[in-house]
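Structure, as structure tokens:
The values are calculated or read from the model by the stated rules, or taken from the named source; none is laboratory data. Here the structure is a predicted model, which means the values were calculated and not measured. When we count neighbours, we look across all protein chains shown, and the Cβ atoms used for this are built from the backbone with ideal geometry, even at glycine. Please note that ligands, DNA and RNA were not included when accessible areas were found on the heavy atoms of the full protein model with its side chains. Shrake-Rupley method; radii C 1.70, N 1.55, O 1.52, S 1.80 Å.
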Amino acid sequence: MAVIRRANAVQLPLCLLTPERQIAALFSQFNPNSACDLSATDPATVVALLRAQGSSALAVTVFYALLGLAVVASSRIWAGLLDRHKNGQALATLNVLLGVATVLPALTQWWPLVLVSGLLFGAVFLSVVASTTALVRHNLPPAAWAAGISAFTTVFAAGQIVGPTVVGWI
């Protein structure tokens, strides 16, 4: 574990995560969820999918209203998870849930499951960002928080460029 040395000989851990976990956490920001985030939060994409599945304008409105309510509740839903898990488990769990929420409407037209997808997506997508901030704050000294969050933001931005480009080719 690398350390930061100070003049008064106090040692602070540079990062409490193993290098493997650091790489996995950063990669999670670049993974295919980047493309899923774009497609699931882009209203035109979701509206087109729901309308192609036969949903009415009212149904699409209900879908987005429930998604929005879940966003409002999300910080309360996941606060305990983010506080308890300092090793990246919260980030991994939320990424898996986000992937499930994103793929459900493409796999089924059954309306109750499509609504569950919207609720789950709304409850999770902003908390993935919060989980990266929590991971950095749990594992780096305060002086390194800005650099840690910047690293996650940079990798996420690259995923937002590469993900939709690859999806467009498909």
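Probe radius 1.4 Å, ligands and nucleic acids left out: which of Trp145, Trp169 has the largest accessible area, and how do the rest follow?
On the way: Trp145 65, Trp169 200 Å².
The most accessible residue leads, giving Trp169, Trp145.
Mind checking the per residue accessible area of the stretch 58-170 for me, 1.4 Å probe, whole number of Å²? Don't skip to the end; give the middle numbers.
Working: 5930 Å² over 113 residues.
Accessible surface, normalised per residue, equals 52 Å².
Where in the stretch 57-143 are there chymotrypsin sites (Phe, Trp or Tyr not before Pro) that are in a DSSP coil and have at most 16 other Cβ atoms within 10 angstrom of their Cβ?
Numbers: sites: Phe63, Tyr64, Trp78, Trp110, Phe121, Phe125; in loops: Trp110.
Loop-located and lightly packed - Trp110.
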